[in-house]
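Contents: one structure, followed by commentary.
The values are calculated or read from the model by the stated rules, or taken from the named source; none is laboratory data. Keep in mind the model is a prediction, meaning the values are calculated, not measured. Cβ sites come from the backbone with ideal geometry, for glycine too, and all protein chains shown count toward neighbours. With ligands, DNA and RNA removed, areas are computed over all heavy atoms of the protein, side chains included. Shrake-Rupley method; radii C 1.70, N 1.55, O 1.52, S 1.80 Å.
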Amino acid sequence: MNSLSDDQTFAVSALLHWFEHDISNKKYISLGGYAGTGKTTLVAMLRDKLHAENKKLKIAFVAYTGKAARVLRSKLMQANAVLAQDSISTIHGLIYTPVVNKREEIIGWKQKDTIEYDLIIIDEASMVDERIWHDLLSYNIPIIAVGDHGQLPPIQGSYSLMTKPDLTLTHIHRQAKQNPIIGLSIQAREHGYIRPGNYSAYVRKYSSENPDFHEEMQEMISTYAPDVLVLCGYNNTRKKLNQRIRFSLGFESQDPLPGDRVICLRNSHKHQIYNGMLGSITEIHSDGEEWYEAEIQMDDGDLFHGRISKKQFGSNTALNFTDKRSKIMAGELFDFGYALTVHKAQGSQAKKVVLFEERFKKMSDQEWKQWLYTAVTRAEEELIIFGS
């Protein structure tokens, strides 16, 4: 295992001290770390040291989404940091159980009475909203919340575990610094500005003065694929991009159709779908004036089946936040998901990200840095930015 940096070494010692001596006074502790600071390496080292102290210790590693849980599993397995008694799952898989009817159909979910673990470690904890957090705390099990404190707060509400983490990692490791995406994330976080230019064959930014700006933009739109995240700031821009991308893919109808990419816009405890989750429509048909009956293959692997609002598609805002809220509780809210606002995309990552920089007039400099940093860190391998 790689040697730890000074701030990683301090954080591991502090976490061990908390777990061994202080959990009766403080039931949880938070660790924030920027992209490239080695949060997963630290967690793997911590698991190794905890095992040395107690061979029977059972840890539940969890993340907010299924994709994040799979990524966490892969990283921890590579580091040989998962023992037979441990588990890796979504938070929802850990603490909720399905309610089924006589036909064995899932009609809802309820919180489990108990879970048999000695410690819970949350990855991507910046995604956890207030309700889920309170449910986790109710088990009275020690919790380590690990996340990126440079990102925007959760989509739902204003509560964030990462606003003021107890411990922080700020040292970017040498190998990470060689990654141009990490380099741009530092520019975004520290300066709120990314210089136009080519940073690698797969990472570049075009300024609006660049003669290739519009041609490259059209190329990005016309070559859309489901594994690409197209990000922007304004909902109006999102709508226009969704329309243009759908048209380039051959969708002539304004209505959602099988094959359309969609995004969930509201948490549904019943269906275990959450604000910001992406999927693809597999079946859809009209169910009266207000609703579609739809089947959606979610990217996390689960299959959604239920009613979704017709009026949400192409709307400027989520109906959940309008005076129509009471009328749309009988179904779920989805919209086209080819282009997303950065706020909606904060729980997602993709090999390729296409970003349209858009700053709201009322944004403070710090809010803009968070927005830009969150956008850049959605990219895993390829990042194309179109400057404002």
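For the range 288-306, give me each residue that is out of contact with any His (no Cβ under 9 Å at 6 or more places or on another chain) and either modelled with pLDDT of 95 or more or assigned to a helix (DSSP H, G or I) (or both).
Across the range 288-306, the qualifying residues are Trp291, Gln297.
Scan the range 242-296 for residues that are among the small types (Gly, Ala, Ser) and within 17 Å of the chain's Cα centre (by Cα) and report the count.
Count: 3.
Confirm whether Asp166 is among the acidic types (Asp, Glu) and either crowded, with 18+ Cβ neighbours inside 10 Å or in contact (Cβ under 8 Å) with a residue 40 or more places away in the chain (or both). First the steps, then the outcome.
Numbers: among the acidic types (Asp, Glu): yes; either crowded, with 18+ Cβ neighbours inside 10 Å or in contact (Cβ under 8 Å) with a residue 40 or more places away in the chain (or both): yes.
Considered against the rule, which asks whether it is among the acidic types (Asp, Glu) and either crowded, with 18+ Cβ neighbours inside 10 Å or in contact (Cβ under 8 Å) with a residue 40 or more places away in the chain (or both), Asp166 comes out as yes.
Quick check on my filter: what residues within the range 108-154 are among the small types (Gly, Ala, Ser) and surrounded by fewer than 20 Cβ atoms within 10 Å (Cβ to Cβ)? It would help to see each step written out before you state the result.
Pass one, the range 108-154, residues among the small types (Gly, Ala, Ser): 108, 125-126, 138, 145, 147, 150.
Across the range 108-154, the qualifying residues are Gly108, Ser138.
Just one of (1) surrounded by fewer than 19 Cβ atoms within 10 Å (Cβ to Cβ); (2) under 23 Å from Ser89 (Cα atoms); (3) in contact (Cβ under 8 Å) with a residue 40 or more places away in the chain trips up Thr41, so point out which.
All conditions pass for Thr41, except number (1).
Restricting the range 142-153 to residues that are touching a residue at least 60 places away in the same chain (Cβ under 8 Å) and assigned to a loop (DSSP other than H, G, I, E, B), which is farthest from Gly233 (Cα to Cα)?
Restricting attention to the range 142-153, the residues satisfying the condition of being touching a residue at least 60 places away in the same chain (Cβ under 8 Å) are 142-152.
Filter once more, keeping what is assigned to a loop (DSSP other than H, G, I, E, B): 142, 148-152.
On the way: Pro142: 37, Asp148: 20, His149: 20, Gly150: 18, Gln151: 15, Leu152: 13 Å.
Selected residue: Pro142.
What about Ser222, is it open to solvent by 20 Å² or more (accessible area, probe 1.4 Å) and closer than 23 Å to Trp368 by Cα?
So Ser222 does not fit the description; no.
So, in the range 162-182, how many residues would count as being at pLDDT below 95 and assigned to a helix (DSSP H, G or I)?
4
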